[in-house]
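FYI, it's all coordinate maths here, none of it is from the lab. The structure presented is a predicted model; accordingly, all values stated were derived computationally and were not measured. Don't worry about glycine lacking a Cβ; one is built from the backbone with ideal geometry, like all the others, and counts go over all protein chains shown.
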Amino acid sequence: MFKSLHCIALRTVRYSDRHNIVTVYSHEQGRVSLLVSAGRSREASRQRALTMPMSLFECVADVKPGRDILSMREVRQSMPLHDIYSHPVKVAVAMFLAEVLGVILRESQEDSMLFSYIAHATGVLDAADDMTTANFPVAFMYGLGRFTGIEPDMSTYAPGRVFDMVDGVFRVSLPLHRDFLEGDDAAAVYVLSRMNWENIRHFRFNRVQRRRILEVVMRYYTLHYASLSSVNSIAVLKELFD
């Protein structure tokens with residue numbers, strides 16, 4: 001059955017001499033794998049350009065029960081993006097997002113609200129100024145927690161409390177394990193909870209603070225998604241923010 005899909009590209013790998021496989025998160029089917037031509041024709045080049053990491057495109061896919069890799073046709077761009085593929089820092093951020101989402105959404109079904117969050121955030125990144133771009137990775141990851149079930153419970157926050165990263169709550173006393181934050185690290189969780197796409201550019205951090213917050217966010221996510229420990233693009237982000 002042919003079905004129209006709205007997709008966010010995550011990763012492309014070589015499948016054969018003639019084809020690549022692009023992994024996407026789609027509005028209609030959740031995570032799926034699509035077959036893309038690896039040839040040198042104009043159409044093959046166009047499809048590869050439209051399926052770069054974090055690009056948004058539409059296609060018609062041949063969806064059949066039990067088939068893991070879907071063929072597609074009528075590929076077209078659904079959101080024009082410019083800076084993400086030309087601005088060096090935004091390129092690195094987009095690669096980071098695609099790699100992280102590729103891990104977190106590994107078994108994901110369709111979720112229209114999650115798809116909308118990622119799509120809107122991608123547009124924000126493309127249009128972002130330098131301060132928004134610098135804060136974008138940590139703001140995106142915090143917001144993603146709302147859809148993955150690990151958003152910190154801010155109703156438990158009070159100044160001076162420690163943040164229990166296992167249960168995602170603030171506590172008066174130290175938990176009986178080592179995965180907690182205190183002091184400035186715990187306060188950073190509260191700061192992140194106040195960020196949104198409208199005010200993100202007004203949050204000022206120096207390079208040491210921004211790098212530390214990124215480390216804390218990734219440590220928190222890795223506790224809940226162990227496979228994130230192998231994310232390679234995080235090292236590039238840290239270098240850019242040094």
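Could you work out how far helix 112-127 tilts from the main Cα principal axis of the chain, as a 0 to 90 degree angle to the nearest 10? So the inclination is approximately 90 degrees.
The antiparallel fraction among DSSP beta bridges confined to the chain stands at about 90%.
First check a/c for the stretch 57-153, with a ≥ b ≥ c the square roots of the eigenvalues of its C-alpha gyration tensor; if it is under 1.5, answer rounded, and if not, answer prolate when a/b is larger than b/c or oblate otherwise. Oblate is the answer for the stretch 57-153, as a/c is 1.5 or above yet b/c matches or exceeds a/b. Taking 7 Å steps out from each Cα toward its Cβ at Arg207 and Asp111 produces label points 3.5 nm apart. Listed values for the stretch 187-198 are Karplus-derived 3J(HN,Hα) couplings in whole Hz (6.51 cos²θ - 1.76 cosθ + 1.60, θ = phi - 60°), namely 5, 5, 4, 5, 4, 4, 5, 8, 6, 9, 5, 7, and x replaces Gly and Pro. The fewest-to-most ranking of Lys90, Lys64, Lys238 by surrounding Cβ atoms within 10 Å reads Lys64, Lys238, Lys90. Annotation: lysines with alpha-carbon distance below 20 angstrom to Lys238 (same-chain offsets under eight excluded): Lys90.
If one takes the longest principal axis of the Cα atoms in the chain, at what angle in degrees, from 0 to 90 and to the nearest 10, does the Cα axis of helix 207-224 lie? Result, in degrees: 70. Per-residue ellipticity at 222 nm from helix content only, as computed over the chain with -39500 (n - 2.57) for each DSSP H run of at least four residues, stands at -13000 deg cm²/dmol. Sorted into 5 angstrom bins from 0, the C-alpha pair distances of the chain split as 1, 6, 13, 17, 18, 15, 11, 8, 5, 3, 2, 0, 0 percent.
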